[in-house]
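Colleague: Can you keep this structure in mind? I'll have questions shortly.
The values are calculated or read from the model by the stated rules, or taken from the named source; none is laboratory data. Everything numeric here is computed off the predicted structure, so don't read it as measured data. Virtual Cβ from ideal backbone geometry, glycine too; neighbours counted across all protein chains shown.
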Amino acid sequence: MYRNGQKDPGMKKAVVVIPTYNEAGSINAIIDEIVGKISPAMDGWEVSILVVDGRSPDGTADIVKKSAARHPGLVHLIEEQVRGGIGAAYRLGFKHAIDGLGADAIIEFDGDLQHPPSYIPLLLGKLDSGFDYVVASRNIKGGSEPAGRGIFRTMLTSIGGLAARFLLFFPSADFWKVTDPTTGLKATRVAGFADRLSLDMPDLKSTGFGYKIQWLAETIRMGAKYGEIPLKFENRQAGQSKFSTGVIVDILRTCIAVRLSDPWTRRFAKYAIVGFAGYVVNAVFLHAIYSASGSEILSWTLSTEAAILSNFTFNNIWTFGDRRFNRLGSWLTGLARFNVSSLGALAISGIFGPVLTTAFGGSYRQIVLAFVVVFLVVPYNWFMYNRLIWKRPE
Ligand SMILES: Nc1nc2c(ncn2[C@@H]2O[C@H](COP(=O)(O)OP(=O)(O)O)[C@@H](O)[C@H]2O)c(=O)[nH]1
Ligand SMILES: [Mg+2]
């Protein structure tokens, strides 16, 4: 714990970063509770506060300055040159917490008392038990939205949260694991995680609320041990929310940008494009060979093999370019395996197509085809390509 502003070297350091814009009505109460009650009672952690004020015209910064003078070493203030958005404030706050204050953990905290300070020991306790990234969720048992919050805003949070989870993570297990992607209360271990986040432009894709989305995805991709605690989100005690439709747009835009930067997604998108090109090759050759030969068997088999060759070639040089077959010998083995794997895909359509069409009726043939391709053949091929043909090197 701090003694007259002196840091105890045996303690780990937690910095609570609070971005503020016009929070004069609540910032003092937050600081007093953290400094007066939370910090002295913490075991093994020094808890200090870093307020990042976006030039609030209501005098928030002056209140923090007075408080910092009363609690030297425990309360810090950064004043932005101009208000740059919540993400811009957090970016400055994280950098200073890491480089200037030597934080071991950083807590993201709102300046309006919607986040009760009593959650700080709970978050740090989870870090102590081995988690790297702990998120306070409104959507697990014990968590809730503020009492009396309008149905519209509550629905917007749920639908927006679900859309964000889907855009960021589906179909990986993280889609189920991350129950509240837009919550603002969380703790991040600095070593290996917060110190590797995109804290600089242009890597950081949003200086608004979207920053939350990007850091969430980045921390999880870093392999952080992820934990949640339930959050009873409170009502704002004073001041105004900065929420607007612009916030929703910023979050969705950031979700898409972040998702498209994910290596798995990029590979899957290439795989889909190559697969579609293979379909076009199949169709063109089917037409050409049939016109030339008049033989059904010849045109179907040759055109299918042309599509297989096209898929193999472009997946090899593009989708799986990082694992490509270079030498002729391995290229030929790869191609042979690819053909065997394609027989598997053929078997899937050959069995499920007729069975489902018979069950539902002939008028459903095209729907069955789309279903079989999207839900069976695409996942099957993706699995075989990744695990069997272009295996990750050991
Ligand atoms: N420095 C700074 N802080 C901001 C900005 N926008 C929001 N905040 C702060 O971020 C926290 C969360 O914002 P809030 O408006 O309460 O979001 P809501 O809870 O979703 O309505 C509050 O402490 C705000 O004062 C900004 O542009 N600059
Ligand atoms: Mg708020």
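Colleague: Please determine, by comparing only the residues of the stretch 167-183 that are touching a helix residue (DSSP H, G or I) at 6+ places or on another chain (Cβ under 7 Å) and not hydroxyl-bearing (S, T, Y), which one is farthest from I106 (Cα to Cα).
Modeller: Here is the first cut: in the stretch 167-183, the residues touching a helix residue (DSSP H, G or I) at 6+ places or on another chain (Cβ under 7 Å) are 167-169, 174-175, 178, 180-182.
Right, trim to not hydroxyl-bearing (S, T, Y) and you get 167-169, 174-175, 178, 180-181.
Numbers: L167: 26, L168: 23, F169: 24, D174: 22, F175: 24, V178: 19, D180: 19, P181: 18 Å.
This residue is L167.
Colleague: Tell me the residue from G85, G111 that is within 11 Å of ligand 1 (Cβ to nearest atom), in the same structural domain as Y211 (by TED's automatic domain parsing) and at positive phi, please.
Modeller: G85
Colleague: Please identify the pairs in which a residue from the stretch 138-158 that is assigned by TED's automatic domain parsing to the domain that holds L185 has its Cβ atom under 9 Å from the Cβ atom of a residue that is modelled with pLDDT under 90 and among the basic types (K, R), counting only partners at least 6 apart or on another chain.
Modeller: Cβ pairs passing all conditions: E145/R153; T157/R149.
Colleague: Of G227, G246, G239, which residue is surrounded by 17 or more Cβ atoms within 10 Å (Cβ to Cβ), within 16 Å of ligand 2 (Cβ to nearest atom) and in the same structural domain as F169 (by TED's automatic domain parsing)? Write out each step before concluding.
Modeller: Working: G227 fails: within 16 Å of ligand 2 (Cβ to nearest atom); G246 fails: surrounded by 17 or more Cβ atoms within 10 Å (Cβ to Cβ).
From the options G227, G246, G239, the qualifying one is G239.
Colleague: Can I ask one more? Which condition breaks for G192 when tested against (1) more than 16 Å from ligand 1 (Cβ to nearest atom); (2) within 16 Å of P19 (Cβ to Cβ); (3) not charged (D, E, K, R)?
Modeller: Of the numbered conditions (1) more than 16 Å from ligand 1 (Cβ to nearest atom); (2) within 16 Å of P19 (Cβ to Cβ); (3) not charged (D, E, K, R), the odd one out for G192 is (2).
Colleague: On the given criteria, is T188 at pLDDT 95 or above and either closer than 24 Å to I49 by Cα or not assigned by TED's automatic domain parsing to the domain that holds P230 (or both)? It would help to see each step written out before you state the result.
Modeller: Details: at pLDDT 95 or above: yes; either closer than 24 Å to I49 by Cα or not assigned by TED's automatic domain parsing to the domain that holds P230 (or both): yes.
When the stated conditions are applied, T188 passes them.
Colleague: Cβ-Cβ distance below 6 Å, separation of 6 or more or different chains: which pairs start in the stretch 361-382 with a residue that is charged (D, E, K, R) and end on one that is part of a helix (DSSP H, G or I)?
Modeller: Every condition considered, the pairs that remain are R365/T357.
Colleague: At negative phi, β-branched (V, I, T), surrounded by fewer than 21 Cβ atoms within 10 Å (Cβ to Cβ) and within 16 Å of ligand 2 (Cβ to nearest atom) - does that describe any residue in the stretch 147-155?
Modeller: The answer is yes, given that some residue of the stretch 147-155 is at negative phi, β-branched (V, I, T), surrounded by fewer than 21 Cβ atoms within 10 Å (Cβ to Cβ) and within 16 Å of ligand 2 (Cβ to nearest atom).
Colleague: Same structure, new question: Looking at the structure I just gave you, is A29 closer than 15 Å to P116 by Cβ, of a type in the set (G, A, S), in contact (Cβ under 8 Å) with a residue 40 or more places away in the chain and within 15 Å of ligand 2 (Cβ to nearest atom)?
Modeller: yes
Colleague: Within the stretch 162-176, can you find the residues that are at pLDDT 95 or above and over 11 Å from the mean Cα position of the chain (by Cα)?
Modeller: Correct list: L162, A163, A173, W176.
To keep it simple, each residue is scored yes or no on (1) surrounded by 13 or more Cβ atoms within 10 Å (Cβ to Cβ); (2) within 16 Å of ligand 1 (Cβ to nearest atom); (3) at pLDDT below 95.
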residue: S39; (1), (2), (3): yes, no, yes
residue: D43; (1), (2), (3): no, no, yes
residue: D53; (1), (2), (3): yes, yes, no
residue: T60; (1), (2), (3): yes, yes, no
residue: L77; (1), (2), (3): yes, yes, no
residue: Q81; (1), (2), (3): no, yes, no
residue: H96; (1), (2), (3): yes, yes, no
residue: L101; (1), (2), (3): yes, no, no
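Colleague: I need a count of the residues in the stretch 159-180 that are within 18 Å of I251 (Cβ to Cβ) and either within 16 Å of ligand 2 (Cβ to nearest atom) or of a type in the set (D, E, K, R) (or both).
Modeller: Step one: filter the stretch 159-180 for residues within 18 Å of I251 (Cβ to Cβ), giving 159-170, 174-175, 178-180.
Okay, now just the ones that are also either within 16 Å of ligand 2 (Cβ to nearest atom) or of a type in the set (D, E, K, R) (or both), so 160-161, 165, 174, 180.
Looking only at that region, the number is 5.
Colleague: Related question: Quick one: is Y21 surrounded by 15 or more Cβ atoms within 10 Å (Cβ to Cβ), of a type in the set (F, W, Y), within 9 Å of ligand 1 (Cβ to nearest atom) and closer than 27 Å to A191 by Cβ?
Modeller: So Y21 does not fit the description; no.
Colleague: Scan (1) more than 16 Å from ligand 2 (Cβ to nearest atom); (2) crowded, with 19+ Cβ neighbours inside 10 Å; (3) more than 28 Å from A191 (Cα to Cα) for the single condition D112 breaks and write down its number.
Modeller: In the conditions (1) more than 16 Å from ligand 2 (Cβ to nearest atom); (2) crowded, with 19+ Cβ neighbours inside 10 Å; (3) more than 28 Å from A191 (Cα to Cα), D112 misses (1) alone.
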